[in-house]
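**Student:** Following this message is one structure expressed as structure tokens.
Each value in this text was obtained by applying a stated rule to the coordinates, not by laboratory testing. Here the structure is a predicted model, which is why all the values come from computation and not from measurement. Counting neighbours? That spans all protein chains shown, and the Cβs are built from the backbone with ideal geometry, glycine included.
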Amino acid sequence: MIIPVKTNASNYEVHLGENILEDFSKRNKKKLENYDQLIMISDENVWNLHESYVRKNFTAPFNLFLVPSGESCKTFESYFNVQSFLLQNGASRNSAIFALGGGAVGDLIGFVAATFMRGIDFYQIPTTILAHDSSVGGKTAINHPLGKNMIGAFYQPQEVIYDVHFLKSLPLSEVKSGMAEVIKHSLISDSEWVEEFFQITSLSNLEKDQLLQWINKGIRVKAKIVEMDEKESNFRKYLNFGHTYGHAVEAAIGYGKISHGEAVMIGMIPALLLSEKYGQLPKGFAKRFYSLANRLEYNFEQILDCPFEQLAAYMQKDKKTINKQLHFALLETIGKPFIQVVPVDAVRLCDEELRQWIREGK
Ligand code: NAD
Ligand code: ZN
């Protein structure tokens, strides 16, 4: 499957399928030969799991550099180390970098590519479900001790090679994290698709073809919004559905202690409750969705340790907060997002309702 992505800066393709890495190498043989050097950058964990597959199927010669796995690679230190490696190995503006890993590696390497010698070609080889989202759209960043994703750039890859072969080794916690963003993409785009999730009872044994279809749809939703955003800057905010409250939960519990997707899944409940109030979402949908999230083993209890005041403080600090007003992506109906300014007190009421459900049990 090929999904085109059009942005102001460039047009590129996401290639999606199983065992497509070899095809990439063959299809791009000439282009790859024209670079003076290819550098593969991965995280230690991903490389340990997939070295033999990559060496077998990525047939062009490359230099390898490994960074710490997960969020801990999005630091100034890793950024510096990768730049040093590139310089020490004589990389030039005519070299290309490959980011093999989840969203963290993709964000780090995208930012390295954007800034090394003022920009060199890079390719994304995502290895998590979550990265169906992060590898498309060109947002790149590292973290500052004072805030996540605070230092970054918009920089588009040459191509995204999404080989679902890599997903086989994903632990359930990462499946849950990534599926939260897939489900988010369904909520902001397609009510029939949302109903498919109500049919499943667990995320632990997802059927391969089904997952491929969902990732395909998710990438298309993201690509379409990124494309529309050229004309109207509000569209991209729709992708923030569940994230205003979710980011606050993530920050309050602590990055790394809760996955991004789990925090987003939690954040979608207040967003759905607010959609019942400000949009036309049928009353009771948020509760029904909460039951689904529980069945899929998202852990809501952890927010009971975070007082609402703490979450509210994080929400007001969010990059996307304008003049201290909370701008929420909400749903007019399922599949029809809009942006609404919401007073903190209205969020407080939804937060209380959610906490009540959690205390009552599932
Ligand atoms: P990640 O890259 O931190 O990976 C999570 C964990 O899974 C790591 O320990 C990693 O080693 C492991 N892993 C990766 N692939 C694996 C595989 N195939 N098998 C087994 N383990 C594997 O996390 P993520 O969830 O992919 O991405 C989260 C990051 O993405 C965050 O830093 C977030 O800020 C960023 N993000 C960026 C955007 C964007 O638009 N740029 C959007 C959403 C999220
Ligand atoms: Zn997200």
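**Student:** Using the Kirkwood formula over every pair of different C-alpha atoms, what hydrodynamic radius in Å results for segment 160-251?
**Tutor:** 14.5 Å
**Student:** Packing-wise, with mean Cβ within 10 Å as the measure, how do 141-149, 171-179, 60-68 rank, highest first?
**Tutor:** 171-179, 60-68, 141-149
**Student:** Also, quick follow-up: To make sure I understand, if each residue's beta carbon is the centre and we count other beta carbons within 10 Å, what order do 169, 275, 42 fall in, fewest to most?
**Tutor:** 169, 42, 275
**Student:** Excluding residues fewer than 8 places away in the same chain, name every one of the lysines whose C-alpha is closer than 20 Å to that of residue 6.
**Tutor:** Within the straight-line cut-off, residue 6 pairs with 139, 217, 222, 224, 231, 237.
**Student:** Expressed in nm², what is the orientationally averaged projection area of the convex hull enclosing the Cα positions of segment 138-199?
**Tutor:** Taking a quarter of the hull surface, the average projection is 6.7 nm².
**Student:** Give me 73, 306 ranked fewest to most by other Cβ atoms within 10 Å of their Cβ, as a rough exposure proxy.
**Tutor:** 306, 73
**Student:** Among 357, 338, 327, flag the residue with its Cα farthest along the positive direction of the charge dipole of segment 271-362, charges on Cβ as +1 for Lys/Arg and -1 for Asp/Glu.
**Tutor:** Of the listed residues, the answer is 338.
**Student:** Where a ≥ b ≥ c are the square roots of the eigenvalues of the C-alpha gyration tensor, would you call segment 2-169 rounded, which needs a/c under 1.5, or, failing that, prolate if a/b is larger than b/c, or oblate?
**Tutor:** Because its axes are fairly even, with a/c under 1.5, segment 2-169 counts as rounded.
**Student:** Determine the relative contact order of segment 9-79: mean sequence separation of Cα pairs under 8 Å and six or more apart, normalised by residue count, in whole percent.
**Tutor:** The normalised contact order for segment 9-79 reaches 35 percent.
**Student:** Suppose each label sits 7 Å from its Cα in the direction of the beta carbon; what would the residue 280-residue 83 distance come out to in nanometres?
**Tutor:** 5.2 nm
**Student:** Moving on. Roughly how many nanometres apart are two label points built 7 Å out from the Cα toward the Cβ at residue 146 and residue 52?
**Tutor:** 4.9 nm
**Student:** If I model a spin label as a point 7 Å beyond the Cα along the Cα-Cβ vector, how far apart are those points for residue 287 and residue 11 in nm?
**Tutor:** Result for the modelled spin labels: 5.0 nm.
**Student:** Could you state the angle between the C-alpha long axis of helix 44-57 and the longest principal axis of the C-alpha atoms of the chain, as a value from 0 to 90 degrees rounded to the nearest 10?
**Tutor:** 50 degrees
**Student:** May I ask you to give the average projected area over all directions of the convex hull of the Cα atoms of the chain, in nm² rounded to one decimal?
**Tutor:** Computing the convex hull of the Cα atoms and averaging its projections yields 16.9 nm².
**Student:** Also, I was wondering about something else. Could you give the size of the charge dipole of the chain about its Cα centre, using +1 on the Cβ of each K and R and -1 on the Cβ of each D and E, expressed in debye and rounded to the nearest 20?
**Tutor:** 560 debye
**Student:** Same structure again: Go ahead and collect, in residue order, the members of segment 57-89 whose backbone nitrogen is under 14 Å from a label point 7 Å along the Cα-Cβ direction of residue 36.
**Tutor:** Flagged as within label range: 86-89.
**Student:** Taking only Cα atoms, what is the 0 to 90° angle, nearest 10, from helix 103-115's long axis to the longest principal axis of the chain?
**Tutor:** 50 degrees
**Student:** By how many degrees, between 0 and 90 and to the nearest 10, does the Cα long axis of helix 208-228 differ from the longest principal axis of the chain?
**Tutor:** Computed tilt is about 90 degrees.
**Student:** Sticking with this structure for a sec: What order do you get for 262, 77, 227 when you list them from fewest to most C-beta neighbours inside 10 Å?
**Tutor:** Going from least to most buried by this count: 77, 227, 262.
**Student:** How much length, in nm to one decimal, is gained on full extension between residue 301 and residue 93, taken as 0.36 nm per residue of separation minus their Cα-Cα distance?
**Tutor:** Between residue 301 and residue 93, full extension yields an extra 69.9 nm.
**Student:** Hey, another quick one. Let me know the charge dipole size of segment 2-169 about its Cα centre in debye, to the nearest 20, where only the beta-carbon of Lys, Arg (+1) and Asp, Glu (-1) is charged.
**Tutor:** 340 debye
**Student:** Something else: What per residue convex hull volume, in Å³, comes out for segment 268-308 when only alpha-carbon positions are used?
**Tutor:** Hull volume normalised by residue count: 66 Å³.
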